[in-house]
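Have a look at the structure below, then the notes.
The values are calculated or read from the model by the stated rules, or taken from the named source; none is laboratory data. Here the structure is a predicted model, which means the values were calculated and not measured. Counting neighbours? That spans all protein chains shown, and the Cβs are built from the backbone with ideal geometry, glycine included.
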Amino acid sequence: MLFPAAPELFLQRMISAAMETPHLLYALLAAACSHHSRLIKDATPHPKVTCLKYTNMAISNLRETLQDPSQSLKAETVTTAMALCTNDVCNGNMHVWRTHLRGVLRLLAASLRHQRELYSLEDSFLLSLAKWFKTMDIIAALSGLDGECIHDPEDSLLDRGSILGSDSDFIDDICGYSLDLIPYMARISKMVRSQNTSQISADISLIDAPSAQTMNEAEDLETGIASLIDKPISGSSFREGEVFVTELQSTHLAFVHSTLLHLHRRVQQLPIDHVKVRTDIRNILDAIGNIDPKSTANILILWPVFSAGCETTFLSERDMIRERMGIMENFGMGNFTRTRDLLERFWQSKTELRWDEHFARLGLELVLF
């Protein structure tokens, strides 16, 4: 459900590994319990108790496994940690997910180094885990004022070449967008964070006006991001059929134009009615419109949908976003419900603050994953 465009081999490897790895099986069962309770909208304590049981079993078994250095370097161990962390995010456990994601990074980095020392060929499953980590890390960093990537984008271990290999020129089918976009997203996150003051207040002049140097850098970033619009589809993706290709291209475009929107609004601080901002929103909505509302590809585009929703004052566009998010919520993914609630709250506030300033002032945190 999290990665609807992922290759079948990714799913098969994860399920087969779980059959032989208790801590991974427990972690996936915990995630399945959480997902099922959201899917059927069960608010009783029973699913939470069941999820907690499997989570505790996964953590206990994982701790035992980590005592053995040879076991801690396995891809299955990284997968367990990543699944537990993702479940934290989907369940809104904001106070623990960062700690767990840092643990994932340590395990993932150790596994990648070990594998590269022993083998000349990369483990495609391990590289898929790296993409899973990278996309959660960058989206979390862009989900507020104080976001910061847990993995240093300057570290080459998980860079574009390492995790993409021969598929580096194509739209990625794990994340739904070209991973060439990630360095630009990371830079925007860093620039937003550097503009943020240490004091969060109600003052709408919360963020300092961008400097000339920032504006020049933003123009360079804009050119680089726009160059990714026409990223091609890989041959393996083409074999999945025309609908798959159209939706993968559309998720990619939604992310590209959302990145431009964040650059224009949060770095350059252009007004909400600026022609560039309005163009970004229309492009995002056009991309979303090319994805069937009932397609699982919608699971990938929470960040673009929320980004467009926060930056439009047009009722027709808000209604479109409200309708799409309602449909997306029916897939049972946790942050869709929380995100829609916060978006409605933001609209009702009629605040002149940007969404990230508004939520920071209220002490609210959200990961758009």
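The table that follows gives values for the structure above.
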read-out: Candidate set: the range 3-48, residues that are more than 20 Å from ASN330 (Cα to Cα) and small (Gly, Ala, Ser); chosen: the one nearest to the chain's Cα centre (by Cα); value: ALA6
read-out: Residue that is farthest from THR251 (Cα to Cα) [pool: residues in the range 41-53 that are of a type in the set (A, V, I, L, M, F, W, C) and surrounded by fewer than 20 Cβ atoms within 10 Å (Cβ to Cβ)]; value: VAL49
read-out: The range 275-295 - residue that is small (Gly, Ala, Ser) and modelled with pLDDT of 95 or more and, of those, farthest from ALA254 (Cα to Cα); value: GLY289
read-out: Matching residues, the range 82-111, being part of a helix (DSSP H, G or I), more than 14 Å from the chain's Cα centre (by Cα), farther than 19 Å from ASP123 by Cα and of a type in the set (S, T, N, Q); value: THR99
read-out: Matching residues in the range 225-245 - criterion: being surrounded by 15 or more Cβ atoms within 10 Å (Cβ to Cβ) and either in a helix (DSSP H, G or I) or modelled with pLDDT under 90 (or both); value: ILE225, ILE233, SER234, SER237, GLU240, PHE244, VAL245
read-out: Number of the condition not met by LEU366 [criteria: (1) out of contact with any Leu (no Cβ under 7 Å at 6 or more places or on another chain); (2) under 18 Å from HIS262 (Cβ atoms); (3) in a loop (DSSP other than H, G, I, E, B)]; value: (1)
read-out: Cβ-Cβ under 8 Å pairs, at least 6 apart or on other chains, the range 340-369 side within 20 Å of ARG265 (Cα to Cα), far side charged (D, E, K, R) and assigned to a loop (DSSP other than H, G, I, E, B); value: TRP355/GLU311; PHE359/GLU365; ALA360/ASP146
read-out: Top-ranked residue of the range 315-359 - restricted to ones that are assigned to a loop (DSSP other than H, G, I, E, B) and modelled with pLDDT of 90 or more, ranked as surrounded by the most Cβ atoms within 10 Å (Cβ to Cβ); value: ARG354
read-out: Selected residue [surrounded by 19 or more Cβ atoms within 10 Å (Cβ to Cβ), out of contact with any Cys (no Cβ under 8 Å at 6 or more places or on another chain), among the polar types (S, T, N, Q) and in a helix (DSSP H, G or I)] from THR79, THR135; value: THR79
read-out: Test: residue in the range 308-328 that is of a type in the set (S, T, N, Q) and over 22 Å from SER349 (Cβ atoms); value: no
read-out: Residue among ARG116, ARG63, ARG106, ARG38 that alone is surrounded by fewer than 18 Cβ atoms within 10 Å (Cβ to Cβ), basic (Lys, Arg) and modelled with pLDDT under 90; value: ARG116
read-out: Filter result for GLY144 (within 28 Å of PRO47 (Cβ to Cβ), in a loop (DSSP other than H, G, I, E, B) and within 17 Å of the chain's Cα centre (by Cα)); value: no
read-out: Meets criteria (part of a helix (DSSP H, G or I), modelled with pLDDT of 95 or more, buried (at least 16 other Cβ atoms within 10 Å of the Cβ) and not charged (D, E, K, R)) for ALA308; value: yes
read-out: Matching option when the condition is outside any loop (DSSP other than H, G, I, E, B), within 18 Å of the chain's Cα centre (by Cα) and modelled with pLDDT under 90, among ILE182, ILE150, ILE188, ILE163; value: ILE163
read-out: Hey, LEU73 crowded, with 17+ Cβ neighbours inside 10 Å, touching a helix residue (DSSP H, G or I) at 6+ places or on another chain (Cβ under 9 Å), without any contact (Cβ under 8 Å) to a residue 60 or more places away in the chain and farther than 20 Å from VAL367 by Cα or not; value: yes
